[in-house]
Amino acid sequence: MTMNSMDVIFYIASAIVFLAFVDNTTACCRTSELQNEVNDLKKRLETTQTELDRQNQRINDLQKNGTMSSPLSTHVLDNSRGLPGDGIAVTLYKLQGDDFVVIKKDVTNSDGRVPGLLTDEQFTAATYKLKFETKEYFDRLGMQTFYPYVETTFTVMDPKSHHHVPILLSPFAYSTYRGS
């Protein structure tokens, strides 16, 4: 049974009317029980509202960007051309024990992004690595590159906050930072 805030108010009002007909000792005990129930219902409503807000944000992201939001994002900008780095193979790893384990493989889109790298449930405090296959990208453009791939390793301490790891790329240099 799902209760909205009006149901809760009606429930409380009905309980108060009922208590008016009960002796003071019983009313006192029942009031305490009802207050506990009201507090529990308030907590459930707050939790439900928080989850609804989160899901609404994901729906808004989907409608706006055509993709679901991810707590981890990346973006490749080709500084030599002044354009997004599209079609670059990207592999996401997570450190488990002493080894990096592949979590996801994808390719940057026309905007140089990889949407939906991880879900909120998959994103935990851990050390991650992103590997970008840059040689294939520059070969496709008919350009030589000094770096056949770019790897960036980073540690996530607060998985509840968004982490953005952009790459500024050219054939003979690259840079990365924690974006927003």
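The values are calculated or read from the model by the stated rules, or taken from the named source; none is laboratory data. Because the structure is predicted, anything quoted here is derived from the model rather than measured. All Cβ positions, glycine included, derive from the backbone under ideal geometry; neighbour counts span all protein chains shown.
Being crowded, with 16+ Cβ neighbours inside 10 Å and over 19 Å from Ser180 (Cα atoms) is a property that holds for Lys131.
Note on region 134-151: residues that are buried (at least 18 other Cβ atoms within 10 Å of the Cβ) and closer than 27 Å to Pro71 by Cα total 3. Among the residues making up region 166-180, those that are of a type outside the set (Val, Ile, Thr) and either within 16 Å of Thr108 (Cβ to Cβ) or not in a loop (DSSP other than H, G, I, E, B) (or both) are Pro166, Leu168, Leu169, Ser170, Ala173, Tyr174, Ser175, Gly179.
Among the residues of region 111-127, are any more than 15 Å from Ser70 (Cα to Cα) and touching a His at 6+ places or on another chain (Cβ under 9 Å)? Checking region 111-127: at least one residue is more than 15 Å from Ser70 (Cα to Cα) and touching a His at 6+ places or on another chain (Cβ under 9 Å).
For region 93-108, which positions are surrounded by fewer than 20 Cβ atoms within 10 Å (Cβ to Cβ) and either modelled with pLDDT under 95 or touching a strand residue (DSSP E or B) at 6+ places or on another chain (Cβ under 7 Å) (or both)? Explain how you work it out, then say what you get.
Initial filter on region 93-108 (surrounded by fewer than 20 Cβ atoms within 10 Å (Cβ to Cβ)): 93-107.
Once the filter is applied, which keeps residues that are surrounded by fewer than 20 Cβ atoms within 10 Å (Cβ to Cβ) and either modelled with pLDDT under 95 or touching a strand residue (DSSP E or B) at 6+ places or on another chain (Cβ under 7 Å) (or both), region 93-108 yields Tyr93, Lys94, Leu95, Phe100, Val101, Val102, Ile103, Lys104, Lys105, Asp106, Val107.
Pairs are defined by a Cβ separation below 8 Å, a sequence spacing of at least 6 or placement on different chains, a first member in region 109-131 that is of a type outside the set (Asp, Glu), and a second member that is modelled with pLDDT under 90 and not in a loop (DSSP other than H, G, I, E, B); the pairs so defined are Pro115/Asn65.
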